[in-house]
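The values are calculated or read from the model by the stated rules, or taken from the named source; none is laboratory data. The structure presented is a predicted model; accordingly, all values stated were derived computationally and were not measured. Glycine gets a Cβ as well: all are built from the backbone with ideal geometry, and neighbour counts include every protein chain shown.
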Amino acid sequence: MGQITLQGVHKSFGQLEIIKDANLDIENGSFVVFVGPSGCGKTTLLRLIAGLEDVTGGQILIDGQNVVNVPPAKRGLSMVFQSYALYPHMSVRGNIAFGLKMAGLPRPEINRKVEAAAATLNLTPYLDRKPRELSGGQRQRVAIGRAIVREPKAFLFDEPLSNLDAALRVQMRMEVTRLQKQLATTAVYVTHDQVEAMTMADRIVVLNAGRVEQYGSPLELYERPANLFVAGFIGSPKMNFVAGPPASQHGAATIGIRPEHLRIAPAAEGAGEGWPGTVSVAEHLGSDTFLYVDAGALGLLTVRGIGEIHLRGGDRVRLSPDPARMHRFDKDGMAIRQ
Amino acid sequence: MARRVTVRRMVVSTVAAWFFGGLIFFPILWMVLTSFKTELEAFTIPPSFLFFEWTTENYATVQSRSDYFLHALNSVIIAGGSTVIAALIAVPAAWSMAFAPTRRTKDILLWMLSTKMMPAVGVLVPIYLLFKNLGLLDTRSGLVAILCLGNLPIVVWMLFTYFKEIPRDILEAARMDGATIRRELVYVLLPMAIPGIASTLLLNLILAWNEAFWTLNLSTSKAAPLTVFIASYSSPEGLFWAKLSAASTMAIAPILVLGWFCQRQLVRGLTFGAVK
């Protein structure tokens, strides 16, 4: 079991308030990702759950028990650190076994569990090596092995993939997700990479300046962002925001249109309809075309087209938003629901 | 682009390295050679390099005139004692400064180091009077105390930089793994810190062994370490270069042997933080 509930959690360092009233319900077995820009408090929130920091106020419940005064080791959680934090003087076996050794398990049982964990992570040939003799991906696996071998109530991941190169990151992303589903253990995962968040999470917590902006499934955040921040943060390329008269036409202070929901047409045809503009930069990726269109008073708008679109810098175009996929926000930046 | 290593460059740098190495080592070599000359030969101008009458007479004279082993024992006790006590104080101090720093930690470190900025002779009179009134003159315990206090700032600084290099994450990982403070110390911190502690203490031992200002001023015979033993062969009785050299050779021999065996640790200790 690994049900984690945060009730009115506050955290201040001196005068500085890092976490402002966090309320969350993390269901047993789910994969929850904390995402947000750097400095938003996502790592602090994870460390509060881990017990590596003390809360200033509020409660953290694990399976219904308030753990704010329980030391980290007794919370039954295990953590994978960004730096891996392997014990450099111990072999891979020693690293994975350390937690079990501290728990006082008998040696044969430790060996059995360590070998099972190593087999799951393809680490068996490296059991007797030191961390410095391993590649980055292998070290990452050892760190994960150390976490799974203790059969915790929940895994806590603190940006575990950010030190890996792009290809390895995609591969480890899948491995971590697969492993979590296979073990059916609750996972809380911190990242600043929204692609990681979208691909791995069952539910995402978007944090900004110590506040939970929205908590929902990846598609919920994409389709129904609660406010301007979430709308701008989730989705790549970023959502276009247009304020002023075009927005008031739709009864909003600001309207948001995702780059993939803007139709683009050469300026000649259908004159008068849509927003006129000039292509300033065109990026041709083959599978997609990203166009950065200077739309005068509306600013620079991004358009994403599927496949190849034969437009170049300097071409005059017209952009028309898909009204069904338009997001409307009031003057406080909150989403207006129909 | 990597620089090409040509044969000529290899030869030049090898020769230069040996030349400068020889230059630095020459005074020690000269001292050892002189210790095997007669007093007369030691004064000869031009000096003879290797072709003189070799004699061990100086060593015999030195041993008969003063008690080498007493002074050597004093050196061991004073250098060893001050190192052990410095370690007992500095390890916990540096530890807490590295792992539980407060707003004042930086200031305290600087203040400690600032005590080394004053020339020792500036406090000679007050320290001498303190020693006199406390009955510590010419006692081993007095010298242990003063050398320990003198080297403590450097020991704390060095240990602090070592401990700082131990990533916090690893300690937190150990806490998550269920290690108690004691087990965290024994299984995780100590194994990672031991090379740093060892090289710091080794350096401290060498500094204390060779310390000559306080030992010369605060001891005369009973507690006098090898530095005093060497000094007794210089000025007052006239210049006995051969005997002085013999005494010096005997005094540096133990520490030279120790340094030779620990040179890897020492180099790591001295360059720690500068190169990673």
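Once region A:82-96 is narrowed to residues that are assigned to a helix (DSSP H, G or I) and of a type outside the set (D, E, K, R), the residue that is farthest from the other protein chains (Cβ to nearest Cβ) is A:92.
Is there a residue being among the charged types (D, E, K, R) and more than 14 Å from every other protein chain (Cβ to nearest Cβ) anywhere in region B:164-180? Checking region B:164-180: at least one residue is among the charged types (D, E, K, R) and more than 14 Å from every other protein chain (Cβ to nearest Cβ). Taking (1) within 10 Å of another protein chain (Cβ to nearest Cβ); (2) more than 25 Å from residue B:203 (Cβ to Cβ); (3) surrounded by fewer than 20 Cβ atoms within 10 Å (Cβ to Cβ) in turn, residue B:191 satisfies each apart from (2).
Residues in region A:69-97 that are within 23 Å of residue A:190 (Cβ to Cβ), of a type in the set (A, V, I, L, M, F, W, C) and either surrounded by 24 or more Cβ atoms within 10 Å (Cβ to Cβ) or within 25 Å of the chain's Cα centre (by Cα) (or both): A:77, A:79, A:80, A:81, A:85, A:86, A:96.
Per-residue answers, yes or no, for (1) touching an Asp or Glu at 6+ places or on another chain (Cβ under 9 Å); (2) assigned by TED's automatic domain parsing to the domain that holds residue A:39; (3) aliphatic (A, V, I, L, M); (4) assigned to a strand (DSSP E or B):
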{"position": "A:146", "(1), (2), (3), (4)": "yes, yes, no, no"}
{"position": "A:163", "(1), (2), (3), (4)": "no, yes, no, no"}
{"position": "A:167", "(1), (2), (3), (4)": "no, yes, yes, no"}
{"position": "A:171", "(1), (2), (3), (4)": "no, yes, no, no"}
{"position": "A:189", "(1), (2), (3), (4)": "yes, yes, no, yes"}
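In region A:51-60, is there at least one residue being modelled with pLDDT under 95, under 20 Å from residue A:163 (Cβ atoms) and of a type in the set (S, T, N, Q)? Within region A:51-60, not a single residue is modelled with pLDDT under 95, under 20 Å from residue A:163 (Cβ atoms) and of a type in the set (S, T, N, Q).
Put simply, of A:212, A:188, A:176 the only residue that is among the β-branched types (Val, Ile, Thr), at pLDDT 90 or above and over 20 Å from residue A:48 (Cα atoms) is A:176. Return the residue satisfying two criteria in turn: it lies in region B:1-57 and is among the small types (Gly, Ala, Ser) and not in a helix (DSSP H, G or I), and of such residues it is modelled with the lowest pLDDT. So, considering only residues that are among the small types (Gly, Ala, Ser) and not in a helix (DSSP H, G or I), the one modelled with the lowest pLDDT is B:2. Could you tell me whether region A:123-134 includes any residue that is hydroxyl-bearing (Ser, Thr, Tyr), in contact with a helix residue (DSSP H, G or I) (Cβ under 8 Å, 6 or more places away or on another chain) and in the same structural domain as residue A:74 (by TED's automatic domain parsing)? Among the residues of region A:123-134, at least one is hydroxyl-bearing (Ser, Thr, Tyr), in contact with a helix residue (DSSP H, G or I) (Cβ under 8 Å, 6 or more places away or on another chain) and in the same structural domain as residue A:74 (by TED's automatic domain parsing), which makes the answer yes.
Please work out if residue A:167 is away from chain B (no Cβ under 14 Å) and surrounded by fewer than 18 Cβ atoms within 10 Å (Cβ to Cβ).
So residue A:167 fits the description; yes.
Applying the set (1) within 11 Å of another protein chain (Cβ to nearest Cβ); (2) over 22 Å from the mean Cα position of the chain (by Cα) to residue A:59 leaves exactly one unmet item: (1). Scanning region B:58-68 for residues that are of a type outside the set (S, T, N, Q) and either at positive phi or not in a loop (DSSP other than H, G, I, E, B) (or both) yields B:59, B:60, B:62, B:65, B:68.
The strands (runs of 3 or more DSSP E) found entirely in region A:232-338 that carry 3 or more residues being hydrophobic (A, V, I, L, M, F, W, C) are A:240-243, A:262-266, A:275-284, A:288-294, A:300-306.
Residue selection: residue B:149 fails the criterion of being touching a helix residue (DSSP H, G or I) at 6+ places or on another chain (Cβ under 6 Å), of a type in the set (A, V, I, L, M, F, W, C) and surrounded by 14 or more Cβ atoms within 10 Å (Cβ to Cβ). Within region A:281-338, the residues that satisfy the criterion of being among the polar types (S, T, N, Q) and under 22 Å from residue A:249 (Cα atoms) are A:302, A:320, A:338. No other residue among B:62, B:91 is in contact with a Lys or Arg (Cβ under 6 Å, 6 or more places away or on another chain) and of a type outside the set (S, T, N, Q) apart from B:62. Considering A:61, A:46, A:52, the condition of being in a loop (DSSP other than H, G, I, E, B) and surrounded by fewer than 23 Cβ atoms within 10 Å (Cβ to Cβ) is satisfied by A:52 alone. Looking at the structure I just gave you, is residue A:289 touching a Lys or Arg at 6+ places or on another chain (Cβ under 8 Å), more than 29 Å from residue A:212 (Cα to Cα) and among the hydroxyl-bearing types (Ser, Thr, Tyr)? Yes; evaluated as a whole, the condition is true for this residue.
Summed over region A:64-81, the residues that are in a loop (DSSP other than H, G, I, E, B) and away from every other protein chain (no Cβ under 14 Å) give a count of 3.
A search for C-beta distances below 7 Å between a residue of region B:156-171 that is of a type in the set (D, E, K, R) and any residue that is surrounded by fewer than 19 Cβ atoms within 10 Å (Cβ to Cβ), counting only pairs 6+ apart in sequence or on different chains, returns B:169/A:83. Per the listing B:216, B:185, the residue uniquely surrounded by fewer than 21 Cβ atoms within 10 Å (Cβ to Cβ) and more than 14 Å from every other protein chain (Cβ to nearest Cβ) is B:216. Counting just the residues of region B:97-114 that are charged (D, E, K, R) and assigned to a loop (DSSP other than H, G, I, E, B), which one comes out farthest from the chain's Cα centre (by Cα)? My answer is B:103.
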